[in-house]
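Inspection log for the structure reproduced underneath, given as structure tokens.
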Amino acid sequence: MIDAILRSRIWSRMQAGVDEAEAHFRSRCGSGSLADGETAVALFLPDGSVVTDGTQSAPFLSMTLRPWVEKVRGAEGATTLVSNDPYDFGGSIADIKMAAPISIDGSIVAWGTIVGHCPDIGGRGVGGVSPGARAIQEEGVRIPMGEATADRLQLICENARLPRLTRQDLEAQRSALGLLGEWIVGLAHTHGWESIEAAIREVQSRAQTGLRKAMTELKPGSYVRRDRLDSDTAGVPVPLEVTLTVTDCQVTVDFAGSGNVSPGPTNCAYASTVAATVCGFRHIFPEIPACGFGIEGLEIQVPHGSLLDARFPAPVSGTVDVLADRLTSLVIEALSQAVHGRGQACDGGGGDVVVIEGHDPDHPFSLRFVVGTGGGASGRGDGLLNADASTRHSRFPSIEDVERTFPVRVCQYGERERSGGAGRYRGANGTVLEVEVRCAGRLSLYADRFSRGAGGHHRGGRGSVTELEVFTDGHWQKPPGIGRLQSLELAAGDRVRIRTAGGGGYGHPYERAVRLLQEDVAAGRLTRKEAAKDHGVVFTRADGRDYDSAKTFKLRSYRLTSSDVDDFLDEIETLED
Amino acid sequence: MIVGIDIGGTFTDLVCSEDGQLRTIKVPSTPSDFSEGFSNAISALDSGTPGEIIHGTTVATNALIQRRGARVGLITTSGFRDILAMRRRDRRSVYGLETAFLPLVPRSMSREVTERSDGKSVIVPVDPAEVASVASSLVDDGAEAILIAFLHSATCPDNEKAAAAQLVDRFEVPIFASHELSDATTEFERFSTGAASAYVAPILHRYLDAIDHRLEPTNRLQVVTSDGGLVSPDEAKVNPIRTALSGPAAGVWGAKSISQQLGYPAFVACDMGGTSFDACLVNEGEPALTRDRELGFGLPLALEMLDIATIGAGGGSVVSVSSVGTVEVGPDGVGADPGPACYGNQVHQATVTDADLVLGRIPDVLHLPGGSRDLDPDAARKTLNERVAAPIGVSAEDAALLVVSTVEEKMADQIRTMATANRTDVSDHVLIAYGGAGPLHAAGIARSLGIRSIAIPPEAGLFSAWGGLLASRRSILSTVREFSLEASDGTFEDVLKQHVAKAAGSDSNVLHTLDFRCAGSTRVMSLRVDGEECAGQVATRASEQFGLVGHDLVGFRLTTSVVENPSRSLEAILPNTSTDEVRTLEPREVTFEDGVKVACPVLDRGGLKPGDAGEGPCIIEEAGATTVVPPGYRWRVGDVSMLFLEAVS
């Protein structure tokens, strides 16, 4: 066994190297979305086992580097490799992955890997979103694994709508990988690779033991959670189901009951399903480092032919934007039933993607918003407003920057009142974003939760569903399709308004503290009527400062003694806000 | 006589420079009314009353971090009342689940008015009557300060100005307009800066008034700001959050003076105290300014600050063993109370200071200006054993060595990250180390970064207090206007010409910085520009430096910083701090990296004269700081009692 001192020292250096490579990538790339966090870096041993990933890496992207390394490590005479194949490696076609072997004295000792979620990779839809795609060919160019030669990178750039930014992104990505390699070789020079490998093996073993121990917190049993995705063809919502079965020595995650492959982009490859599932576990057990999360002791079953096992040529661009986060949320929900104190109600979604593209040849532009949703509540407090998806780690652009850079005006950006699920702790409200276009363009949308809101926990309420309206020809109207829009024509002056879903509530709404409800009412998050109906507190003033304690007590205790609260509800109906 | 005063959470440090003598005084801080500690420190001087008082204060920062500030009312553009709560759609941490975020202004105190501009001109003028009515309702609801923050006010402040003009003199509460507090052209960062200023305003106003009340009429008080400049108390009240980082900024400013004096334009300033490590990377003599810093989750500040990075790594940082048996340091700390285990007040958490004591790197009596404190090596060893050594199965000494190297690497990583972002190689920089624990760990940090030369100022433990004595007044001029760098229409040249003209005449250090981005991208980059450059030259340099060949570059803000020449030189303040009262110190056993105990000579820094030199290993002690000279390093004392460490091999 390697000396504890050396192990600790080597490990912190290793982590620093991976973080340094990611900082390098983000500081040298051209695209704002990459600089803002849509990247991941991870280091592997030649047997494919993970050493560590970046402390700031986007969770889902990081997990997709595992199937990537499985493939590249078999490559002969490898130099730097590149691919964006979503079927083999997970993610979507916009996720450009690179890998490079790290060699010492002629033999490969490790693999550095890196991925960036490219803002555009060509194809039918702008910004990596092709809601109308019916086959992967419409989503962009698929690049089989191969050496990252100048020609190959040029091919990617020439197919993207923003070739210069893409070139800069790719060069930054490649040089970050080079930096990681140099770092590891330097470390080996100091400590000797044998010591480093021994340290890695020791930490891997301890992390896996740590996870096994943490998993004993899961109560044995079977836990089922169901959710529904909007249909890609405006048809019947698609079921999503997970059964988590915990026994003494095994945890099985079975997605049986989930829908079939979708005709549109709401699909993900098996590799993505595995990645999103493991992400859920990492959120529940954040103290365990990346290398603890192998899939040993964790069995993931995906029904053949389901949307979670998509194969060529099914489109999969919905993976990163919607499906991965929904899967992670579902797994978190299932785990929340099995573990005490670590759980959380469901989030409003993975962030809804709105893309506005200007097609005036003199002023072409492409504006992509990932609009936040309401975070789910937990036993520790209300949900986080405008939460980034649990699978991502990125940021929303500034409204002022957007208005300066693109011919649009943002009319409203804020909290969508009364959209979070009720509960002892409330789900956070969703977001409302309203944008006016100032020249002709096209709207594409890839969003979800139009047909079913985020579920609550422990009797917490469900959040509101997503809504989209377009102001055109002088009035607001709901465009056809549910959550999927491909290139809807917009005239100058038209407006787009999306109201994203709220998070699920946690605990019975009658248990919500009166002081929290006072602020809810004063802040306009709830009306007095809703405070009374949903939470059993009767406020006597519209600003929420005073409440009727006798009526409140009676109303709240009626919950326990009788279901007949009609008299009170009649009285509540007379409340004015 | 001039005096520098730095008020921390535990101690108030006073440094007095008179007739070439530097005196130091340390008195307990008085958190219930910090002005009392301030006054106590001046009273303790008992040698007349100071003329000028330079003051670094954390009153504003503490109020913000502890959420003890005012009830602020926000008046904002219709449709955007939630900007502060929305942040940038993020989460606190990558893994783990989240709970709600409370913005500085609660939603119930955030109200909208009809107005709009597009960044260039007003589209919908503001209605003064509506603003007055909304302000009145906020005051009725208990607002103690009001912030007016409209969309695009940094580039088109007309509506904000009109609204503020309507309210000033009508209400007793302070009224702030966001464009006067921050020139950030991104709404969340500007609103957040404005909210932070309004939030701490009543507390800072009361504090400065209380100090003013305690001062003699002959005293002239100046406050250090986050950009390292000096302002009068009245100027500080205009934008209270400008003082947020005044302590670290004063230290960096002092380091800058030292580097100028010694002729090192490129240096890394390292301030390690009890709770945090502040680092600043300087390439060309002048510390860079930044507008991008978070004081906590969802709390960015966007006003000119010295580009100082802070991490939770100090003497009091807690050491823990992770779930995989690796040792981690910080970011949590024990603070001064209860303090490290060796203070004798707690045995539950081992700290970096405990590790230093176990290794013999610090003495078991801590000499502070104005007193001393006995440390308990047994308690340090016992706690370190229980918390670190036993869980990973090593000896207390080995665990302590690991703690020291872990914290030093962590600090070096922080500097490396800054160097990566700045595309700088720091190996030819000089490391200037100060703060109570800076000189203790300087050699370790320098070695990790490949830096060979280290400079340690005298009174290193109180450097943040006396660095402020070298600060000077600074003015910042900023013009926000968009222009293409490639196809220049003369806008850039015009703006630069105006800036140069305004800065002319003052015999000062003038620094122009251009913020720009690639067309179609929102990512911001900054570049220093020369007063005579044209847009094309700047574009070429920017393309080369940032690898942007082929991009259309759009400039949008020119900032000019004018630093007046300091009224005092380093020699005037600090000709020679060696004293005649030299303590004779016993050698002690110190464990260095290879684990071997060395009987190490211990020198009193007060007894060292310019020209003195020697070789490591040795320990050099002064009140408030200890310098470790490891084997392989040479030390010497230079002018103005500066201590230098050089790597021999």
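The values are calculated or read from the model by the stated rules, or taken from the named source; none is laboratory data. Just so it is clear, the model here is predicted, and its values are computed rather than measured. No Cβ is skipped: glycine too gets one built from the backbone with ideal geometry, and neighbour counts run over all protein chains shown.
Here B:Leu431 fulfils each of the conditions (1) within 9 Å of chain A (Cβ to nearest Cβ); (2) crowded, with 24+ Cβ neighbours inside 10 Å; (3) in contact (Cβ under 8 Å) with a residue 60 or more places away in the chain apart from (1).
Taken over the range B:302-360, the criterion of being assigned to a strand (DSSP E or B), among the small types (Gly, Ala, Ser) and surrounded by fewer than 24 Cβ atoms within 10 Å (Cβ to Cβ) is satisfied by B:Ala309, B:Ser320, B:Gly330, B:Gly333.
Apart from one condition, B:Asp82 fits all of (1) more than 29 Å from B:Ile175 (Cα to Cα); (2) touching a helix residue (DSSP H, G or I) at 6+ places or on another chain (Cβ under 9 Å); the exception is (1).
Among the residues of the range B:605-649, those that are of a type in the set (Gly, Ala, Ser) and not in a loop (DSSP other than H, G, I, E, B) comprise B:Gly606, B:Gly607, B:Ala613, B:Gly614, B:Ala625, B:Ser641, B:Ala647. The requirement of being in contact with a strand residue (DSSP E or B) (Cβ under 7 Å, 6 or more places away or on another chain) and more than 20 Å from B:Asp354 (Cα to Cα) is fulfilled somewhere in the range B:621-632, by at least one residue.
A:Arg462 - would you say it is surrounded by 24 or more Cβ atoms within 10 Å (Cβ to Cβ) and more than 7 Å from every other protein chain (Cβ to nearest Cβ)? Considered against the rule, which asks whether it is surrounded by 24 or more Cβ atoms within 10 Å (Cβ to Cβ) and more than 7 Å from every other protein chain (Cβ to nearest Cβ), A:Arg462 comes out as no. Would you tally the residues in the range A:191-232 being surrounded by 15 or more Cβ atoms within 10 Å (Cβ to Cβ) and away from chain B (no Cβ under 14 Å)? Residues meeting the conditions: 13. Among the strands (runs of 3 or more DSSP E) confined to the range A:162-258, the ones with at least 3 residues that are out of contact with any Cys (no Cβ under 7 Å at 6 or more places or on another chain) and either over 30 Å from A:Val51 (Cα atoms) or free of Cβ contacts under 8 Å to residues at least 40 places away in the same chain (or both) are located at A:221-229, A:238-246. When A:Phe396 is tested against (1) under 26 Å from B:Asp118 (Cα atoms); (2) hydrophobic (A, V, I, L, M, F, W, C); (3) more than 11 Å from chain B (Cβ to nearest Cβ), only condition (3) is not met. For the range A:26-48, filtering for residues that are closer than 25 Å to A:Gln204 by Cβ and surrounded by 24 or more Cβ atoms within 10 Å (Cβ to Cβ) leaves 6.
Only a single criterion out of (1) farther than 30 Å from A:Gln344 by Cβ; (2) among the hydrophobic types (A, V, I, L, M, F, W, C); (3) surrounded by fewer than 22 Cβ atoms within 10 Å (Cβ to Cβ) is not satisfied by B:Ile25, namely (3). A search for C-beta distances below 6 Å between a residue of the range B:498-521 that is modelled with pLDDT of 80 or more and any residue that is among the small types (Gly, Ala, Ser) and not in a loop (DSSP other than H, G, I, E, B), counting only pairs 6+ apart in sequence or on different chains, returns B:Val510/B:Ala503; B:Leu511/B:Ser561; B:Thr513/B:Ser526; B:Leu514/B:Gly555; B:Asp515/B:Ser526; B:Phe516/B:Gly555.
Note on the range A:280-301: among residues that are of a type in the set (D, E, K, R) and not in a helix (DSSP H, G or I), the one that is surrounded by the fewest Cβ atoms within 10 Å (Cβ to Cβ) is A:Glu296. Only one of the numbered conditions (1) touching a residue at least 60 places away in the same chain (Cβ under 8 Å); (2) assigned to a loop (DSSP other than H, G, I, E, B); (3) at the interface with chain B (Cβ under 8 Å from one of its Cβ atoms) is not met by A:Thr55, and that is (1).
Regarding A:Asp347, is this residue within 30 Å of B:Phe150 (Cα to Cα) and at the interface with another protein chain (Cβ under 10 Å from one of its Cβ atoms)? Answer is no for this residue. On the stretch given as the range A:529-562, residues that are basic (Lys, Arg) and either under 31 Å from the mean Cα position of the chain (by Cα) or within 14 Å of chain B (Cβ to nearest Cβ) (or both) total 2. With B:Leu104, B:Leu74 as the choices, which residue is crowded, with 24+ Cβ neighbours inside 10 Å and closer than 30 Å to A:His283 by Cβ? After ruling out the rest, the residue left standing is B:Leu104. Annotation: B:Leu74 fulfils all but one of (1) touching a residue at least 60 places away in the same chain (Cβ under 8 Å); (2) part of a loop (DSSP other than H, G, I, E, B); the unmet one is (2). Residue selection: A:Arg73 satisfies the criterion of being away from chain B (no Cβ under 12 Å) and either in contact with a Pro (Cβ under 9 Å, 6 or more places away or on another chain) or of a type in the set (Lys, Arg) (or both). Would you confirm whether or not the range B:303-310 contains a residue that is polar (S, T, N, Q) and under 30 Å from B:Arg67 (Cβ atoms)? Yes, because at least one residue in the range B:303-310 is polar (S, T, N, Q) and under 30 Å from B:Arg67 (Cβ atoms). Could you look through the range A:399-430, keep only residues that are facing another protein chain (nearest Cβ under 10 Å) and of a type in the set (A, V, I, L, M, F, W, C), and pick out the one that is farthest from A:Gly32 (Cα to Cα)? That would be A:Ala428. Would a scan of the range B:58-66 turn up a residue that is without any contact (Cβ under 8 Å) to a residue 24 or more places away in the chain and within 30 Å of B:Leu167 (Cβ to Cβ)? Yes, the conditions are met somewhere in the range B:58-66.
Here A:Gly140, A:Gly132 are screened, and the one residue that is part of a loop (DSSP other than H, G, I, E, B) and on the phi > 0 side of the Ramachandran plot is A:Gly140.
Among all residues of the range A:168-182, there is none that is surrounded by fewer than 19 Cβ atoms within 10 Å (Cβ to Cβ), more than 14 Å from chain B (Cβ to nearest Cβ) and more than 24 Å from the chain's Cα centre (by Cα). The condition (being of a type in the set (Val, Ile, Thr), modelled with pLDDT under 90 and surrounded by 15 or more Cβ atoms within 10 Å (Cβ to Cβ)) is satisfied by just one residue among B:Val629, B:Val640: B:Val640. Scanning the range B:17-42 for residues being closer than 24 Å to B:Asp234 by Cα and either touching a helix residue (DSSP H, G or I) at 6+ places or on another chain (Cβ under 6 Å) or not in a loop (DSSP other than H, G, I, E, B) (or both) gives a total of 11. Would you be able to say whether some residue in the range A:28-44 is in a helix (DSSP H, G or I), modelled with pLDDT of 95 or more and among the hydroxyl-bearing types (Ser, Thr, Tyr)? No, the range A:28-44 contains no residue that is in a helix (DSSP H, G or I), modelled with pLDDT of 95 or more and among the hydroxyl-bearing types (Ser, Thr, Tyr). Condition check for A:Ile108 on (1) farther than 29 Å from A:Gly125 by Cβ; (2) assigned to a loop (DSSP other than H, G, I, E, B): one failure, at (2).
Residue check: is B:Val394 within 14 Å of another protein chain (Cβ to nearest Cβ), in contact with a Cys (Cβ under 9 Å, 6 or more places away or on another chain) and free of Cβ contacts under 8 Å to residues at least 60 places away in the same chain? No; evaluated as a whole, the condition is false for this residue.
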